[in-house]
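Notes to accompany the following structure.
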Amino acid sequence: MARGPRPWHAAAETVALPVLALGGALLLFGVFVHFSGANPVDAWLLLFKGAFGDAFSWQNTLQRAAPLMLTALCVALPARAGLTVIGGEGALVLGALGCAGLPYLLPLPNGAGGTACVLLAAALAGAAWIALAGALRQWRGVNETISSLLLGYIGIALFKHFVEGPMRDPASLNKPSTRPLAEGLRIGAIAPDSLLGDVHWGLVWGVVLCVAAGVWLMFTTHGFALRVVGGNARAARFVGLPTNRLIVTACALGGAAAGLAGGIEVAAVHTAANASVIAGLGYTGILVSFVARHQPFSIPPVALLFGGFGAAGSLLQRRLDLPDASVLVLQSIAFVLILASEALRGRLFQIEMPAAVRLKLVWPRAKEAS
């Protein structure tokens with residue numbers, strides 16, 4: 001007979017389903033590698049060696065994980081309000097543009113104050129962009145998934161227009177860029193003389209904001225109200241919750257996180273806004289959020305894993321002669337399997353006993369009763 005759900009089933013499924021999906025993605029990636037003419041076992045070993053094999057690998061992984069934490073929040077926070085927002089890439093590039101563009105408009109002091117100003121400009125640009133998708137959903141009935149995706153493309157187009165046009169640095173001949181940020185406005189390494197090496201303070205920002213978002217959602221009145229809206233918006237309106245304001249606020253906070261990721265990429269990595277910022281970090285953040293089931297506390301370790309996979313791409317290229325972008329195949333497979341695994345939600349531990357086994361168990365009892 002079917003076994004009824006037990007209290008630990010939901011918690012176990014929360015861990016088991018992503019793990020099974022990621023395991024299946026690695027197996028299918030091995031098949032892809034095999035048909036590419038390489039050894040799947042070597043590919044699996046190099047994936048984890050390139051991500052976590054030595055101090056240099058860890059530095060590369062941590063640097064790549066930092067923006068993924070923030071772009072994942074751009075998906076996770078609206079998702080807790082019941083929206084599926086996938087336009088984090090647009091918020092990230094506009095955040096980068098805001099960070100690089102503020103010195104064009106205002107004279108900024110060098111030091112922490114000036115750095116805070118450019119990062120605030122980045123966060124505000126991202127917040128306004130994603131809040132627009134939430135507002136279109138609430139007041140005009142526009143599907144937020146489609147609108148946020150299209151706004152992402154518009155954001156990238158605006159970024160290219162300004163970087164290659166009005167804001168272009170004449171000194172950037174081969175690669176159009178804005179003027180480099182002043183040295184005093186940049187973000188430095190956390191501990192340059194330690195094993196962390198060039199890992200910048202953006203990693204700390206990512207972890208702190210994920211923890212803060214988790215605390216806000218789980219332990220505050222506004223966070224609880226947002227979760228009620230995400231569970232049943234009609235019931236939330238019925239009890240008097242300001243659903244429109246809560247949903248737009250969640251979108252704005254998520255967009256601010258993605259915009260901040262773009263600002264940190266400029267202030268800590270690229271020093272200027274250019275095409276290198278458009279690296280798909282916003283799209284990878286979607287996968288990170290879904291694997292973490294939109295739980296901010298779970299985002300940092302998942303971002304670390306996918307940051308490691310991204311860091312291992314160059315190693316696969318050097319050792320196995322696979323394209324550097326082959327890790328994108330792994331990410332795509334993982335995303336499909338994560339979505340497909342939701343079909344097992346609530347069913348993974350409810351195993352139906354085969355009919356032959358049921359007959360063997362029931363028949364002796366029926367015979368004794370007769």
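Residue pairs whose Cβ atoms lie under 7 Å apart, separated by 6 or more positions or on different chains, with the first residue in the range 284-301 and on the phi > 0 side of the Ramachandran plot and the second in a helix (DSSP H, G or I) and polar (S, T, N, Q), are ARG293/THR14.
Screening the candidates ALA76, ALA38 for the property of being in contact with a His (Cβ under 9 Å, 6 or more places away or on another chain) and farther than 30 Å from SER194 by Cα yields one hit, ALA76. Residues in the range 178-197 that are free of Cβ contacts under 8 Å to residues at least 40 places away in the same chain and more than 19 Å from LEU260 (Cα to Cα) were compared, and the one that is surrounded by the fewest Cβ atoms within 10 Å (Cβ to Cβ) is ASP193. Applying the criterion of at least 3 residues that are within 18 Å of the chain's Cα centre (by Cα) to the helices (runs of 4 or more DSSP H) found wholly in the range 297-349 leaves 299-311, 326-341. Of the residues making up the range 25-49, not one is aromatic (Phe, Trp, Tyr), in contact with a helix residue (DSSP H, G or I) (Cβ under 7 Å, 6 or more places away or on another chain) and exposed (fewer than 15 other Cβ atoms within 10 Å of the Cβ).
For the residues GLY230, GLY214, the requirement of being under 28 Å from PRO300 (Cα atoms), surrounded by 14 or more Cβ atoms within 10 Å (Cβ to Cβ), assigned by TED's automatic domain parsing to the domain that holds VAL75 and modelled with pLDDT under 95 singles out GLY230.
Filtering PHE335, PHE297, PHE290 for residues that are farther than 19 Å from ALA38 by Cα, of a type outside the set (Gly, Ala, Ser), outside the structural domain of MET218 (by TED's automatic domain parsing) and touching a helix residue (DSSP H, G or I) at 6+ places or on another chain (Cβ under 6 Å) leaves a single hit, PHE335. Screening ILE146, ILE156 for residues that are under 20 Å from ALA91 (Cβ atoms) and buried (at least 18 other Cβ atoms within 10 Å of the Cβ) leaves exactly one candidate, ILE156. Residues considered: ALA236, ALA225. Of these, the only one that is touching a residue at least 12 places away in the same chain (Cβ under 8 Å), of a type in the set (A, V, I, L, M) and surrounded by 14 or more Cβ atoms within 10 Å (Cβ to Cβ) is ALA225. Taking each residue of the range 316-335 that is in contact (Cβ under 8 Å) with a residue 12 or more places away in the chain and within 16 Å of LEU46 (Cα to Cα) and looking for partners that are surrounded by fewer than 16 Cβ atoms within 10 Å (Cβ to Cβ) and hydrophobic (A, V, I, L, M, F, W, C) with beta-carbon atoms closer than 8 Å, six or more apart or interchain, yields nothing. Pairs are defined by a Cβ separation below 7 Å, a sequence spacing of at least 6 or placement on different chains, a first member in the range 338-351 that is modelled with pLDDT of 60 or more, and a second member that is outside any helix (DSSP H, G or I) and among the hydrophobic types (A, V, I, L, M, F, W, C); the pairs so defined are GLN350/ALA2. Candidates in the range 168-177 are the residues that are within 29 Å of the chain's Cα centre (by Cα) and surrounded by 15 or more Cβ atoms within 10 Å (Cβ to Cβ); of these, the one that is nearest to GLU265 (Cα to Cα) is SER177. Scanning the range 125-177 for residues that are closer than 13 Å to ASN274 by Cα, out of contact with any strand residue (DSSP E or B) (no Cβ under 8 Å at 6 or more places or on another chain) and not in a loop (DSSP other than H, G, I, E, B) returns ILE156, ALA157, LEU158, PHE159, LYS160, HIS161, PHE162, GLU164.
Within the range 50-101, restricting attention to residues that are among the polar types (S, T, N, Q), touching a helix residue (DSSP H, G or I) at 6+ places or on another chain (Cβ under 7 Å) and outside the structural domain of LYS160 (by TED's automatic domain parsing), the residue that is farthest from THR243 (Cα to Cα) is SER57. Checked against the criterion of being modelled with pLDDT of 90 or more, in a loop (DSSP other than H, G, I, E, B), assigned by TED's automatic domain parsing to the domain that holds ASP198 and closer than 30 Å to PRO180 by Cβ, the candidates ALA257, ALA261, ALA267, ALA272 yield just one match: ALA272.
The values are calculated or read from the model by the stated rules, or taken from the named source; none is laboratory data. Treat the numbers as computed from the prediction; the structure is a model and nothing was measured. Neighbour counts are summed over all protein chains in view; Cβ atoms, including those assigned to glycine, are modelled from backbone coordinates with ideal geometry.
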